[in-house]
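Take a look at this one; I'll ask things after.
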Amino acid sequence: MAYRAERLGQLIQEKISALILEGRVKDKRVSAFLSITRVKVSEDISFADVYVSDIRSKADIERGAQGLQSAAGFIQSQLNEVMRIRKIPRLRFHADSSLRDGFDLVKKLEELVPQGAGEGADDAAAVPGAVLGETEAGR
């Protein structure tokens, strides 16, 4: 049963993502920047927790999740038309800031690395094994 719920979650993720990209969800809080990061379907297939992220601000993620929750009835009806299963799980949308947090982390890491660092002959000094190897060879 767990495999079935997992597979159903993947299918729901694909279908909702397509609805968003095609602009079929008309709520103004739902933008093409929204991304469905994962879907967790309950074992009894009664609920599907849909996690929504955005590369923009965390406020945009919250608004997007609220917009999708408002359109949940429409989305469920669309899923019912294309999936042909007996019971479509009730959708619950949650904001997921992991995508935004990842972009922020990459930006911070890029700021820490000075421009031009890692180029040229100093590369060996940046590798711990290279410096350690030199000291061992001198013994």
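Could you please let me know if Ser17 is within 15 Å of the chain's Cα centre (by Cα), surrounded by fewer than 16 Cβ atoms within 10 Å (Cβ to Cβ), part of a helix (DSSP H, G or I) and hydroxyl-bearing (Ser, Thr, Tyr)?
yes
Which one is surrounded by the most Cβ atoms within 10 Å (Cβ to Cβ), of the residues in region 54-71 that are among the hydrophobic types (A, V, I, L, M, F, W, C) and within 19 Å of the chain's Cα centre (by Cα)?
Leu68
Of all the residues that make up region 89-114, how many are within 16 Å of Ser17 (Cβ to Cβ) and part of a loop (DSSP other than H, G, I, E, B)?
1
Does Lys26 meet the test of being within 18 Å of Gly73 (Cβ to Cβ) and either assigned to a helix (DSSP H, G or I) or free of Cβ contacts under 8 Å to residues at least 60 places away in the same chain (or both)?
It is true that Lys26 is within 18 Å of Gly73 (Cβ to Cβ) and either assigned to a helix (DSSP H, G or I) or free of Cβ contacts under 8 Å to residues at least 60 places away in the same chain (or both).
Which one is surrounded by the most Cβ atoms within 10 Å (Cβ to Cβ) among residues in region 25-46 that are farther than 18 Å from Gln66 by Cβ and more than 18 Å from the chain's Cα centre (by Cα)? Break it down stepwise before answering.
Taking region 25-46 first, the residues farther than 18 Å from Gln66 by Cβ are 38, 40-46.
Now narrow it down to the ones that are more than 18 Å from the chain's Cα centre (by Cα): 42-46.
Values: Ser42: 14, Glu43: 10, Asp44: 10, Ile45: 18, Ser46: 10.
If we take residues in region 25-46 being farther than 18 Å from Gln66 by Cβ and more than 18 Å from the chain's Cα centre (by Cα), then Ile45 is surrounded by the most Cβ atoms within 10 Å (Cβ to Cβ).
Right, next: Being out of contact with any strand residue (DSSP E or B) (no Cβ under 6 Å at 6 or more places or on another chain) and more than 17 Å from Phe74 (Cα to Cα) narrows it down to one residue among Arg38, Arg7; which is it?
Arg7 is the lone residue from the list that is out of contact with any strand residue (DSSP E or B) (no Cβ under 6 Å at 6 or more places or on another chain) and more than 17 Å from Phe74 (Cα to Cα).
Conditions (1) in contact with a strand residue (DSSP E or B) (Cβ under 7 Å, 6 or more places away or on another chain); (2) aliphatic (A, V, I, L, M); (3) modelled with pLDDT of 85 or more, marked per residue:
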site	(1), (2), (3)
Ser31	no, no, yes
Gln76	yes, no, yes
Ile88	no, yes, yes
Arg92	yes, no, yes
Ala125	no, yes, no
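Out of all the residues in region 44-59, which are in contact with a strand residue (DSSP E or B) (Cβ under 8 Å, 6 or more places away or on another chain), at pLDDT 90 or above and farther than 10 Å from Val30 by Cβ?
Passing the criteria: Ser46, Phe47, Ala48, Asp49, Val50, Tyr51, Ser53.
Separate question: Restricting to region 1-19, what's the tally of residues that are under 25 Å from Gly102 (Cβ atoms) and free of Cβ contacts under 8 Å to residues at least 40 places away in the same chain?
7
Of the residues that sit in region 72-113 and are β-branched (Val, Ile, Thr) and surrounded by 16 or more Cβ atoms within 10 Å (Cβ to Cβ), which one is farthest from Arg4 (Cα to Cα)?
Ile75
Taking into account only those residues within region 48-74 that are assigned to a strand (DSSP E or B) and not small (Gly, Ala, Ser), which is nearest to Asp101 (Cα to Cα)?
Checking each candidate, the answer is Asp54.
The values are calculated or read from the model by the stated rules, or taken from the named source; none is laboratory data. In this text, all values refer to a predicted model and were calculated from it rather than measured experimentally. For neighbour counting, all protein chains shown are included, and Cβ atoms are generated from backbone atoms with ideal geometry for every residue, glycine included.
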